[in-house]
Each structure stands twice: as structure tokens, then as C-alpha cells.
Amino acid sequence: MEKARQLELGMALPEIDPAIFDPPWTYRFTPDGLVEENGRYRYVYGFLSRLFGCWEIDRATNKSREIVPKPIALSRHGRFVEKCPPWHPRLGGGINDHPARWQLEAKAAFAGFFSDIPPRMRKLAGSMGPYRWVALDLMWQVPEFAHFIDQEIFNDRQQYVYACLSLASIAGESRAMRRRIAEAIMNRKRSKVLTSLTGTACTKSTVNTICKLGDELLPGSVYRNIARAMKIPKAAKVLRHLEIISPEVPETLLDIPECYRLPNLFALCEEEPCSPRSMLTDIVEISNALHYEDRRRCTSALREVKDFFDLEAWCIRWQSVAQYRRPFPKPPIPGDDQLRPITDNRTLRREGRRMRNCVADYTEGILSKNAYLYHWSGTESATVMLENDGERSWHLAEVHGPGNSELCAWTHYLIAQRVWWQCRIMLGLCDEPPPQMPGTETSRRGHIVMDRSQTDVA
């Protein structure tokens, strides 16, 4: 019978002399199914037309147990798929290290085994993802289950069946328990079945929401998240408004603050090709960076977003506001009454307007601790910039008057001397000689070096 099936499927194997090569495995068909002999263990795969199932027999102890094979090689349309790498129902794709002859014999044997299953039932089982073998078992134990699945798929409500199988972890249950679960799925009120499986009170609305998850079988955590989200009024409103729900949306709804659970926002997430969680996380980060006085206006503006152009404009605007409000790092030197550090964005912009320069463009440099600015209020007003030229040092980089004008030599000397004094006398970090008074050989642009690791002392 095995040879006949191999010839029928075009998978006949070359003959090998048993005296030369006697493999430890054999496949043979009986009137009741397929038997796989493999060393110590014997595996029996029962035909659907007889007693369907898979049993492992320990030949040493003569004990047997029923097992559920790994996802079987059936396509969504119920056709046997010759997978690459080689596939085995018990070992999955893990038989690459086994002899090539065994791989060929396994494919031929299981192709013949699945040919015994009616095409309609193979097609129904093919849509069940990792529960294909379980679906065949349930259709054998409860014949009405095949018609039930067919009707659910026709009505686009197969997610209810998928949710029950996934939440119940049905592959790990006994044969009798799998039968009871199938009967409950078919006959009991759906909301009560989901309530018992999720541990969260479910309603008809929860069942309808689960059916918006598409036609792919998903992990049980996705269905539990929907049940939990439907207990939160704002999250439930969002889920009811969406026509198709991405598996990431329920978890995101549970994680983000309540004020950002907006229907228009999640409608955009469904159109976004990238991860909805990533987009919503960016929005939350921008909002959290805002001053508490700005957050209410930020949320109100977010409600008006209708498309991605609006969302991009919203992000640009409120990122700018968040950056404007963001506090600057601690100054590298403390300054004094004349040399005052610019410690926030508002003061920095005021400095730019007062001195008619572009210091407002240095916000990123200040926040990244690559530069710091001060205002000098001596006889001549000036903007003073210190730059970080390495991992541990700062130096006096630029000094300019109003409109980036040049300062007199004496004012430049006073500023350089003040910076050197604060580094050397107050912190003891400057190894350079002090700047010289105008008219000496010292360059007008003194180089003041300080240890950045000690700046917090200031």
C-alpha cells in the first residue's frame, strides 16, 4: 500500500539493498493509519476515516500517550506543502540533520496520510494556523464542528473560534477536554465562553470587537487585551469605531494615558504602515516633555488632527514648544553679577533679540552640552560662548557685541580674565597662564581650559 501511494504521488524512492543499508526508521500503512517506527519509539497516526489522532508508544516500557504534532504542512487551502527545510509533523523543521532518505520517506508517507482526509476538511483545517491538527481532531470528535467552522468563516466571524482555541491553549489539553471545549464553543453563549477563558467579564460588544481582528489566528494575549480594553470606556469607544483592528492597538490602548485614547488618532494608526505603538509612543513622549500648563492645549490640538499632514504639523509645533520649555544643563562655570549664564530657552531668545544675533540656533548645542552661553553686562554688553572641545574640557570660544560687532580689547580682556579666574581660583582646574592685559604679546583670544568632570561643583 505504501508503494502504491508513493507512485500515485510521484514520490517513489530508489531501492536499497537491506543487506547493505538497514535504516532504523520505517514507514508503513495499515488499514487504520500510518505507523512510524523510529528506534525506541513507535508513532501511530490514525486515519480520519477510522480513529484520528497521534499516539507515541515507548517500545521499551510498552506505554503509550496521545500527542498533538507540531503545525502540520497544510496550506491555507488544505494542500500538502513540501516545506523547505524538510518538515516532519512531530519534529517540525528540525530534521535537517537526519539522513536524506528519511526526509524523502517522511514526505512521501505523510503526503499519502493527508490524502485520506477529504479536501473540504483539509481546507477548513488549513485556516487554523498552528491548530490545524487540533481542528482535524475536533472535526473527527464532533462532526458538527466542521459545519460550524465553515459558517463562521463564511460570516467573517472565525476570530471567535480562533480566540477560544488560543485562550484555552487547546493543544495542551487532553482529548476529552478538547471535545468539551469544542462543544462549548458551538453551544454556549459566546460572551460567557470568553469570560471564562479570559477571566474578564465580556459582553456581546467584546465578541464583535474580536471579530475585527482579521483572518489570522493570534496569540491569546491579544484577545485578553481586547477583553481588558473593552472594560475601559474611552478605549472601548475607540475599538468600536475602528473597522479593522491591528493586533498592537489593544495593548497600546492599555499602556498609553487615558487622555490620548482618541478615535481619530487610532483611525490614523490603522492607515500607518509602521507600528501604531511607535507612532503613539512618539506622541506621548512629546506631550510628556511639555510643561504641565501646555498639556491641555496640546491634547485639544491633537483632537483636531484629521490626516497625517495635520499630525506632522502637530508634531513639529509641539516639539518646538517642548524644546522651548526644556531646561538647560547646569552651567560649566557659575558666572557672577556681570557674567550671567543663560539657563533657559526663553532667556536665550531674549538674548538674541537684545543683541541682534543668532544665539537661538544654539539650543541643541547647549542641550547636548557642547556649548554654553553667557551675557556680559559691563560697560559694553556682549554675548559670551564657551565650547566643549573634548570629553573633559571647555574653552572660551567667541565674544561678540550687539549685532556680532567687535569689542574693545579691554572688554575682551576683562571677560577672558573673569572666565580664567572662575576656572582657576574657584575650581582650580585651569593649567593655562592668565590672560594678559591689552598691549602684551598674548593673543587677544585667550584659551581657558577646565575639567568638565568638575563642572557640577560650580
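Where a number appears in this text, it was derived from the coordinates with a stated rule and is not lab data. Just so it is clear, the structure is predicted and the values come from calculations on it, not from any experiment. Backbone-built Cβ (ideal geometry, glycine too); neighbour counts: all protein chains shown.
Which value in nm describes the separation of the simple spin-label points at LYS63 and LYS369, placed 7 Å from the Cα toward the beta carbon?
The two pseudo-label positions are separated by 6.3 nm.
Taking amide H atoms as placed 1.01 Å from N in the peptide plane, list the residues 5 or more away in sequence, or in a different chain, whose amide H sits under 5 Å from that of PHE52.
The list, which skips near neighbours in sequence, is empty: none.
Determine the gain in length on full extension of the stretch CYS358-ALA201; use 0.36 nm per residue of separation and subtract their C-alpha separation, reporting nm with one decimal.
Values: separation 157, 0.36 × 157 = 56.52 nm, distance 6.03 nm.
Here the segment from CYS358 to ALA201 would lengthen by 50.5 nm.
Obtain the nm distance between the two label points defined at GLU258 and LYS237 by a simple spin-label model: each point lies 7 Å from its Cα along the Cα-to-C-beta direction.
Each label point is offset 7 Å from its Cα along the Cβ direction, giving 1.2 nm.
Percentage of Cα-Cα pair distances in region 271-325 greater than 19 Å, rounded to whole percent? Mind showing how you got there, number by number?
Working: 326 of 1485 pairs.
Looking at region 271-325, the distances longer than 19 Å represent 22 percent of pairs.
Could you calculate the FRET efficiency of PHE308 with GLN103 from 1/(1 + (r/R0)^6), where r is the beta carbon distance between them and R0 is 51 Å, rounded to 0.05? Could you put the intermediate results ahead of the total?
Numbers: r = 50 Å, r/R0 = 0.98.
It comes to 0.55.
In nm, give the distance between the simple-model label positions of VAL284 and ASN208, each being 7 Å from the Cα along the Cα-to-Cβ direction.
Calculated label separation equals 2.8 nm.
Which entries of LYS70/LYS192; LYS107/LYS212; LYS306/LYS369; LYS237/LYS306; LYS123/LYS231 show an alpha-carbon separation above 28 angstrom in the structure shown? Present the calculation step by step, with values, prior to reporting the outcome.
On the way: LYS70/LYS192 30 Å; LYS107/LYS212 37 Å; LYS306/LYS369 38 Å; LYS237/LYS306 18 Å; LYS123/LYS231 36 Å.
In this structure, LYS70/LYS192; LYS107/LYS212; LYS306/LYS369; LYS123/LYS231 lie more than 28 Å apart at Cα.
Once the mean 1/r over all distinct Cα pairs of region 140-205 is inverted, what Kirkwood radius in angstroms do you read off? Please report the intermediate quantities before stating the final value.
Values: mean 1/r = 0.0813 Å⁻¹.
Every distinct Cα pair counted, the radius reaches 12.3 Å.
What FRET efficiency do you get for ARG42 and MET177 if R0 is 25 Å and r is their Cβ-Cβ distance, rounded to the nearest 0.05? It would help to have the intermediate numbers written out before the result.
Values: r = 25 Å, r/R0 = 1.01.
With a Förster radius of 25 Å, E is 0.50.
Round to the nearest 0.05 the FRET efficiency obtained for SER221 and THR347 when R0 = 60 Å and r is the Cβ-Cβ distance.
Working: r = 49 Å, r/R0 = 0.82.
Efficiency at R0 = 60 Å is approximately 0.75.
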